[in-house]
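Worksheet: the structure to be examined is printed underneath.
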Amino acid sequence: MSTADSFQQHVLPTYARFPLAPVRGAGCRLWDENGKSHLDFCTGIAVCSLGHCHPRLVEAIREQAGNLLHCSNLYQIPQQAELAEEINTHHVKLPGKVFFSNSGAEANDGLIKAARRFGHHRPQADGSPRFEVITFQQSFHGRTLGSMSATGQAKIQQGFDPLLPGFRYLPFNDTVAIEAGIHPETAAVLLEPVQGEGGVHVATPEFLRAVAAVCKKHDLLLFFDEVQAGFGRCGDAMAWRMIAPEIQPDGISWAKGMGGGVPIGAFWLADRAIDEAGSALASLMGPGSHGSTYGGNPLVCAASLAVLREIREKELAAHALLMEVRIRETIRSWASPVITGVRGSGLLLGVGLDAALIAPADGKTAALVVVEKLMDKGLLVPAAGPETIRLLPPLNVTAAEIDEALEILRGVIGEF
């Protein structure tokens, strides 16, 4: 039975999968079951931040697997403490505490719970709890019931109502709307510094500063979803620092690239005082408030520690900025009418497409048409909405690999 037939018979059809079955990877390349080589500028959707089978990551997994795969969070896991220290000291660089989950959606669920716990600790004037979390149109925060309810895209939510109550979606990058959008029950604001799934839209410095000011004025928590954008992808360990470095968030969520391919996510809460008694925000999530059976087990923490240290020690965030310049300058030199622009930061880039010139048929979007043609030519990229493709290569991608990928893109774009 072929892979495609086996999928059709045994796997839930929750993905519109491409007819490609990868079997081996090395660095920036994937080989499919037919032996064809592909340049991978999808990387598991920004997951394989060091490329495929990076020696440091493979060795960390191999060594830890020979010692201890898993033990319960009832006990103190040394690798978990070491990873949390790495994140706090070298990446967030602010006092706080970390909870480890298995995915970005779970991490965002944790932030949502923290917002509600805060809303009980700091209630409305009449004593009733605050519970509302403001998010933004075209956001994406995951597909669990909680994170899906926080997502500002109706197509993600269709057919799953009633959604979890307590969310409102405001226009992204609209400073007026955020000031006018606060209600007495509002407890927090959650946003992506760079919206990935929603089309690769970067928050403006003015917008982030306006959101931070509103949160301070109304005693709200400020949360950043850096699941796709964090840990070097956008040119800094933390994506928000590329936009407004002076801001100090109350919470951050991560996943994807922090594990290099192993399933790990996390959320961070600040240690800042939230009341006259000096109680820390992070202290609200005490014993019994949250949990995860697999979250932060020895194997995934050892793997993530290897990834984050490699990113930091090899200065791969700075390298991402250099490759961004190379990509932007090359695409600009084509002066192609098919490309409407390049958005994003670092190596989270969206290439906008003129759908009228591509003229897709058979119900396909312009982005899907281009994605399929690129795949046929040996370049893997994901879409980001109907008129944008994403470039998400490994953070250690070489200039030669960038040039090779762009030459393929240029050839496909030239067909239109």
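The values are calculated or read from the model by the stated rules, or taken from the named source; none is laboratory data. This one's a predicted model, so the numbers in the text were calculated from it and none came from an experiment. Cβ sites come from the backbone with ideal geometry, for glycine too, and all protein chains shown count toward neighbours.
Results, tabulated for the structure shown:
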| read-out | value |
| --- | --- |
| Check on Ile87, among the β-branched types (Val, Ile, Thr), in a helix (DSSP H, G or I) and farther than 18 Å from Trp268 by Cα | no |
| Residues of segment 331-367 that turn out to be under 21 Å from the mean Cα position of the chain (by Cα) and not hydroxyl-bearing (Ser, Thr, Tyr), as a count | 11 |
| Unique residue being surrounded by 16 or more Cβ atoms within 10 Å (Cβ to Cβ) and out of contact with any helix residue (DSSP H, G or I) (no Cβ under 6 Å at 6 or more places or on another chain) when the list is His91, His70, His120, His141 | His91 |
| Strands (runs of 3 or more DSSP E) fully within segment 96-174 counting 2 or more residues that are touching a residue at least 40 places away in the same chain (Cβ under 8 Å) and of a type outside the set (A, V, I, L, M) | 96-101, 132-136 |
| Any hit, segment 71-80, residues being modelled with pLDDT of 95 or more and under 21 Å from Gly251 (Cα atoms) | yes |
| Which listed residue is surrounded by 21 or more Cβ atoms within 10 Å (Cβ to Cβ), of a type in the set (Lys, Arg), more than 30 Å from Val300 (Cβ to Cβ) and modelled with pLDDT of 95 or more, from Arg168, Arg130 | Arg130 |
| Count of residues meeting criterion [farther than 10 Å from Gly232 by Cβ and either in contact with a helix residue (DSSP H, G or I) (Cβ under 7 Å, 6 or more places away or on another chain) or not in a helix (DSSP H, G or I) (or both)] in segment 315-326 | 2 |
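Yes/no matrix, rows are residues, columns are (1) touching a Phe, Trp or Tyr at 6+ places or on another chain (Cβ under 7 Å); (2) surrounded by fewer than 22 Cβ atoms within 10 Å (Cβ to Cβ):
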position: Pro245; (1), (2): no, yes
position: Gly260; (1), (2): no, no
position: Leu284; (1), (2): yes, yes
position: Ile311; (1), (2): yes, no
